[in-house]
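Written below as structure tokens is the structure these notes are about.
The values are calculated or read from the model by the stated rules, or taken from the named source; none is laboratory data. Model, not experiment: these values are computed from the prediction. As a convention, Cβ positions derive from the backbone with ideal geometry for all residues, glycine included, and neighbour counts pool all protein chains shown.
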Amino acid sequence: MPPLEAVATDGDAHAPPLLPEPVPQALVGFCVVHADQLPLERRASITSVFRNIPRPSRLMQHLAAVDLLSEASAARLVELIAAEPVIAGKLLSAVNSPLYGLQTPVASVAQAVTFLGLTQVRTICLRYALMQSFAQEAPERQAMLDRVWQSSALACEMAQVMTHTLSIRDPGAVGSAVLLSFLGRLAVTATTPTRLLTATDQPDHLGRTRAEQDLLGVGSCEVGRLLMRDWDLPEPIIASACDAADWLAQPAVSSDPGRAETLALTYLCARLGERLASGALPSLQSLDLLSEDSADFFHLRQSLSPSRLTRWAAALRAPALSARLGRLQSASFRGY
């Protein structure tokens, strides 16, 4: 296990982690298989399986890469979204939905940015840009995809609030990473024969990843890595979305404490979004990160200091976030 400094910053730098616990039996001997560990031919074979998924518009690349700290880039983002009528229309529908409770209707992309901020607008548009690649006519498969979309929507909402509450650096990057971390699962759900999908329909992330590796050779997150490379997304964006998955089997290693923290938060939001969508977690109010005994969170708990886990848990249990997630769960995620 890497030193605590890999994930601790500010006042946490010298805070002790939780008392060491034995690795859960379910994790003993388990490792995340990375796409780059596979022979080149095997990687090409996996990529070819998912190549029939329609390539997203170039807007998605801009949404994933745009620098939200630049006013010029903000203006460019508004221009790019406005040039995509379908995405712009879905954005306005989402912004004017009951989820946000705006008193005055929003009539333009620029107004949406003013009311919600660049980070939220980018995440919403990025989701709709991806949706264009995963539309399904078969009701059964669409229902499966809907569950993944709901997981991602809830996870992104958590990331949006958490990055603001905890003053996480580069909140836009975290939101994009959380959403793109679901890409591989969407691809697997959209293309794998339904009789085989049953084997990967596990209640926990560890069980699902193990089943996916048995079926495909890699987990869905690594499928997402290969698909994003095939779509020519920049490698740093791919790494931000996919490296967080390593928290399942080992603490994320980074010489940059800020990046290690965002990887941990990306992983946490993604897993909690899945649990809320499946009903395994009734609400965030019942979550206690310090005593959470799932193998999915073992390395996260053991590597982050108790003070940090306490702050994160308090932010997750904030009534405003719970209310927001409740409205999101009761609404159609496609229109928020």
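Brief remarks on what is shown
- Checked against (1) buried (at least 22 other Cβ atoms within 10 Å of the Cβ); (2) under 17 Å from Ile238 (Cβ atoms); (3) at pLDDT below 90, Arg127 passes all but a single condition, namely (2).
- Taking residues in region 27-51 that are not assigned by TED's automatic domain parsing to the domain that holds Asp296, and partners anywhere that are in a loop (DSSP other than H, G, I, E, B) and of a type in the set (S, T, N, Q), the pairs with Cβ atoms closer than 9 Å and at least 6 places apart or on different chains are Cys31/Gln250; Val32/Gln250; Val49/Thr192.
- Residue within region 226-236 that is over 13 Å from Gly184 (Cα atoms), of a type outside the set (Lys, Arg) and at pLDDT 90 or above present: yes
- Only one entry of Leu284, Leu300, Leu304, Leu268 meets the criterion of being of a type in the set (A, V, I, L, M, F, W, C) and either exposed (fewer than 15 other Cβ atoms within 10 Å of the Cβ) or over 19 Å from the mean Cα position of the chain (by Cα) (or both), and that entry is Leu304.
- Residue in region 167-180 that is surrounded by fewer than 20 Cβ atoms within 10 Å (Cβ to Cβ), of a type in the set (A, V, I, L, M) and in a helix (DSSP H, G or I) present: no
- Close pairs (9 angstrom Cβ cut-off, 6 or more residues apart or separate chains): surrounded by fewer than 16 Cβ atoms within 10 Å (Cβ to Cβ) in region 86-99, in a helix (DSSP H, G or I) anywhere: Val86/Tyr128; Pro98/Arg327
- One residue from Arg147, Arg127 being part of a helix (DSSP H, G or I), under 19 Å from Cys242 (Cα atoms), touching a residue at least 40 places away in the same chain (Cβ under 8 Å) and not acidic (Asp, Glu): Arg127
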